[in-house]
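The values are calculated or read from the model by the stated rules, or taken from the named source; none is laboratory data. Just so we're clear, the structure is a prediction, and the values are computed from it rather than from any experiment. Here the Cβ positions follow ideal geometry from the backbone for every residue, glycine too, while neighbour counts run over all protein chains shown. Only protein heavy atoms, including side chains, enter the accessible area calculation; ligands, DNA and RNA are left aside. Shrake-Rupley method; radii C 1.70, N 1.55, O 1.52, S 1.80 Å.
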Amino acid sequence: MSIKFLAEDDRPREKFLLKGKNSLSDSELLAIIMGSGSRDETAVELARKILASVNNNWHQLSLLTIKDLTKFKGIGEVKAISIATALEIGRRRAAQEIPEKPQISSSKDAYNVLKLHLSDLRTEEFWALFLNQSNKVIHIAQLTQGGINQSIVDIRILFKTALDHFSTGIIISHNHPSGNLKPSAEDISITKKVKEAGNLMNIQLLDHLIITQNSYLSFADEGLL
């Protein structure tokens, strides 16, 4: 049967089978995830509207809550959960594609590892990379999850984790959901305390990254360490 004779909501699936997944547009992919449209719109039309609301950006779409998604006519809780689940699978797949022990030779290398964990969050979190003498990442850990404006860092836990993994260097990082890359007074204070504690324990603080959705600031690059 020709695609044009199929119901509108079935056409993206048939196109997938006939031409492959790479032939599908973003709206067609989203339409398949949703399964159906509303009484007034096909799944593709509804998907196109949803994507347009986030500038056709999958990262922006992943920031929408279930409540946000259900504001669209034709999107109930089940469809909203399906969309959020698909995006979470994509995020986890991307995280698994990180090499087992990536080597860090620049702030960009560290950012490429950490952005998968921090770039799409709505609240601040504090993470750390633990490195060996070859600057290879031997452990990645979330250390705190704070409120919308701050994340309290327990330096004792940070260095206990470093000692547990025989790390000789660490890179700390947290996100700014606001998108502002400027370090706060608290950010600078925490960095100083971590560096001083590391000097005592012979574990070097190599960098502190502030991460937003699309960019980052490196304390090392900016001369702030």
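Given the rule -39500 (n - 2.57) for each run of at least 4 DSSP H residues, summed and divided by the residues of the chain, what is its mean residue ellipticity at 222 nm, to the nearest 500 deg cm²/dmol?
Calculated mean residue ellipticity at 222 nm is -13000 deg cm²/dmol.
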Straight-line reach from Lys79: which lysines have Cα under 24 Å away, leaving out those fewer than 8 places along the same chain?
Lys15, Lys21, Lys49, Lys67, Lys71
Karplus-derived HN-Hα couplings along the stretch 20-34 (A = 6.51, B = -1.76, C = 1.60, θ = phi - 60°), whole Hz, x at Gly and Pro:
x, 5, 5, 7, 7, 6, 4, 5, 5, 4, 5, 4, 5, 4, 6
Once the Cα atoms of helix 185-201 and of the chain are each reduced to a long axis, what angle between those two axes, in degrees from 0 to 90 to the nearest 10, is obtained?
50 degrees
Would you mind telling me which residue in Val78, Val113, Val153 has the biggest mean-square fluctuation in a Gaussian network model of the chain, where springs connect alpha carbons within a distance under 10 angstrom?
Val78
Length gain on complete extension for the stretch Ile81 to Gln96, per 0.36 nm per residue less the alpha carbon to alpha carbon distance?
3.2 nm
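Does the stretch 132-224 classify as rounded, prolate or oblate by the C-alpha gyration tensor (a ≥ b ≥ c root eigenvalues; a/c under 1.5 gives rounded; else a/b over b/c gives prolate, otherwise oblate)?
It is prolate, given that a/c is not under 1.5 and a/b is the larger ratio.
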FRET efficiency for Thr123 and Lys73 from the Cβ-Cβ distance with R0 = 35 Å, rounded to 0.05, comes out at 0.75
For the stretch 42-157, what is the charge dipole size about the Cα centre, in debye to the nearest 20, if Lys and Arg each add +1 at the Cβ and Asp and Glu each add -1 at the Cβ?
260 debye
Comparing Lys15, Lys79, Lys192, which has the greatest mean-square fluctuation in the GNM of the chain with Cα pairs linked when under 10 Å apart?
Lys15
At 1.567 mPa s and 4 °C, Stokes diffusion of the chain via Kirkwood alpha-carbon radius, µm² per second:
66 µm²/s
Subtract the Cα-Cα distance of Ala141 and Ser106 from 0.36 nm times their separation in residues, and report this length gain in nm to one decimal.
10.7 nm
Once all protein chains are kept in place, Asp154 shows an accessible area at probe 1.4 Å, nearest 10 Å², of 50 Å²
Quick one: among Gly169, Gly20, Gly179, which has the greatest mean-square fluctuation in a GNM of the chain with alpha-carbon springs under 10 angstrom?
Gly20
Measuring from its Cα centre, the chain shows a charge dipole (+1 at each Lys and Arg Cβ, -1 at each Asp and Glu Cβ) which, in debye to the nearest 20, is 300 debye
The ratio Rg/Rh over the Cα atoms of the stretch 58-135, Rh being the Kirkwood inverse mean 1/r radius, stands at 1.11
Between the residues Leu64, Asn180, Gln133, the Cα farthest towards the positive end of the dipole of the chain, that dipole coming from +1 and -1 charges on the beta-carbon of Lys, Arg, Asp and Glu, is from Leu64
